[in-house]
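The values are calculated or read from the model by the stated rules, or taken from the named source; none is laboratory data. Just so it is clear, the structure is predicted and the values come from calculations on it, not from any experiment. All Cβ positions, even for glycine, are placed from backbone atoms using ideal geometry, and neighbour counts span all protein chains on display. All accessible areas refer to the heavy atoms of the entire protein, side chains included, with ligands and DNA or RNA removed. Shrake-Rupley method; radii C 1.70, N 1.55, O 1.52, S 1.80 Å.
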Amino acid sequence: MHMQLLKNDKVILFDRTDMGLSNFSFPSGTGCRKYNDTHHRNRTITDCTAHSLQYDVISGNIRPLYVSSDTWCSSGALDPNGTLIQTGGYGPGIRKIRTVAPCDDGKCEWTELPVNLADGRWYASTQILPDGRVIVVGGRRAFSYEFYPKTDDVSSKRYYLSFLAETTDPYEENNLYPFLHLLPDGNLFIFANNRSILLDYKQNRVVKELPVIPDGIKRTYPSTGSSVLLPLKMNGSLDGSDKPEAEVLICGGSPPGAFNMSNLNRVFVSASNSCGRIKLTDPDPKWVMEEMPMPRVMSDMLLLPTGDVIILNGASNGTAGWEDAANPVFNPVLYKTYEPDPNLRFVVLNPSSTPRMYHSSALLLPDGSILVGGSNPHEMYNFTARPFPTDLSLEAYQPPYLGPLLAVLRPSILTIEARDSIVSYGQMFSVTFMLSVYRADPGISVVLITPSFTTHSFSMNQRMVVLDVARLENLSAFAYKIAAYGPPKTTVAPPGYYMLFLVHAGTPSHAVWVKVQ
């Protein structure tokens, strides 16, 4: 249900704590909890299985983690030190704040903080901010936002946001897990249902109401499309005075009434195949609509190192919710961000064989592949349900750029010439790398990508920055050094850990971790 990659190539995975017995047990006598199972004659269940894991991407090892309160449909972000700040959940967990710090000694565990959130945050979203704080927005019947850490009376407040109340549909909501994107000017883009605003969270004021996305499709949970902030490309202005263009892409969703039709009447209407793209740095932003090759609901959208977007998982009918969708979509789709002809932007890719429906997730790994996992469209774990059993497996999807024929074009990073792998704002640093065959056109790009927190088809804090390149040197037959400038300011790239990729002729290197500060 939830995934977060940490800076040490370990992924924190977790779902609810009261879904029945998972497939992985704690060592004998540890990690047990008791709860009242109202689904089976109100009996008390003793559960000694894990509902959170640490998965080591490199070794494949897994380690069970114990979560004390319910994390169902919660949110998260990494702080500047790479610690997962995890917020909200359900029941007794709805106002909880939890952390997991990266460690290599096998001893890091969930920590539940003594301070609580100001509002209940069930189906809320989070975004890391330029000053290192985390903003938590929305949730069921929580028409507000607040900040972490909780350091004083001011930071402990909740701030009412009428936009969240205005975008709630009767009986369906359709404004949960709002899409959040931090813009280079420091404002926060918030999208809920089919509307969006720009919020100055420092002054607690809406600075712009954007046009309603055309066609009437609902886009956020439970109609559940997905959204990305497209790559931020630097333009040679190191002081950030000329801010990079900022565009948001939103794809998929369901028409009005779809949730009630599936949830109450078991009629699964077709999802939407439409996407909207809006350039928020334009003086008068307008939505430009495009069409995917197939309809899609509950799909994940991830930025690839090339700047393209991969769309995968989900269904073609229904909505999010328990057993509220049908007809899984097996084929990922590539969206070619920089392709000028809209008719050529979508490319259908090779299919998976595993349905990934409600409560599945996906995230980008440092080797450029996509970690895909989960699927539980049922109220409890049901490993024998037909046609869609609970699936707790993981798989890797390899985008076309990882094909063996492209290996000669793939850079291999040797060293980062920056103290402690720290990339400083506006400062030059160098990367040495090996490359078998160099093509001057289009050359080498240096990109930073955040490790995102993915749940319910939205990858929170997802961000890609294409850095300015100062020079490229040929050191020997196959060795090169490239010098680039760090991001110009914190609104372009909030402080924290990023994956640094070199991309040559559409083929990315394996990433190395750097800290931007």
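Annotations
- For the pair Trp322 and Thr151, a Förster radius of 41 Å applied to the C-beta separation gives a FRET efficiency near 0.60, rounded to the nearest 0.05.
- Summarising the amide proton neighbourhood of Asn174: residues at separation of 5 or more, or on other chains, whose placed amide H is nearer than 5 Å comprise Asp169, Ser223.
- Segment Asn204-Phe478, extension gain: residue separation times 0.36 nm, minus the distance between their alpha carbons: 93.3 nm
- Probe 1.4 Å, protein heavy atoms only - accessible area per residue of the range 1-157 in square angstrom: 41 Å²
- Stokes-Einstein D in µm²/s, Kirkwood radius over Cα pairs - the range 407-516 at 37 °C with 0.692 mPa s viscosity: 229 µm²/s
- Modelled FRET efficiency - R0 35 Å, Asn23 with Lys107, Cβ distances, 0.05 increments: 0.90
- Greater than 26 Å apart at Cα, pairs in Lys7/Lys233; Lys157/Lys279; Lys218/Lys243; Lys243/Lys336: Lys157/Lys279; Lys218/Lys243
- Value of [θ]222 nm, deg cm²/dmol, for the chain, DSSP H segments ≥ 4, -39500 (n - 2.57) each, nearest 500: -500 deg cm²/dmol
- Net charge, Thr450 excluded, C-beta distance under 13 Å - Lys, Arg +1, Asp, Glu -1: +2
- Share antiparallel - DSSP beta bridges, the range 249-318, percent rounded to 5: 100 percent
- Pair Ile58, Val115: separation of 7 Å Cα→Cβ label points (nm): 3.4 nm
- Efficiency of FRET between Leu402 and Thr44 - r from beta-carbon atoms, R0 41 angstrom, step 0.05: 0.25
- Peptides 322-335, 23-36, 175-188, 98-111 ranked from most to least packed by the mean count of surrounding Cβ atoms within 10 Å: 175-188, 322-335, 98-111, 23-36.
- You can think of it this way: the chain between Asn343 and Ser412 has 21.4 nm of extra reach, that is 0.36 nm per residue less the Cα-Cα gap.
- Carbon + sulfur, % of accessible area of the range 304-423 - ligands and nucleic acids excluded, 1.4 Å: 54 percent
- Isolated Cys residues of the chain, judged by Cβ distance under 4.7 Å to other cysteines: Cys73
- Counted by Cβ distance under 14 Å from Asn376, the other residues give a net charge of -4, where Lys and Arg count +1 and Asp and Glu count -1.
- Whole-Hz Karplus values for the range 278-289 come out as 9, 9, 7, 8, 5, x, 10, x, 10, 6, 10, 9 Hz, taken residue by residue from phi with 6.51 cos²θ - 1.76 cosθ + 1.60 and θ = phi - 60°; glycine and proline positions read x.
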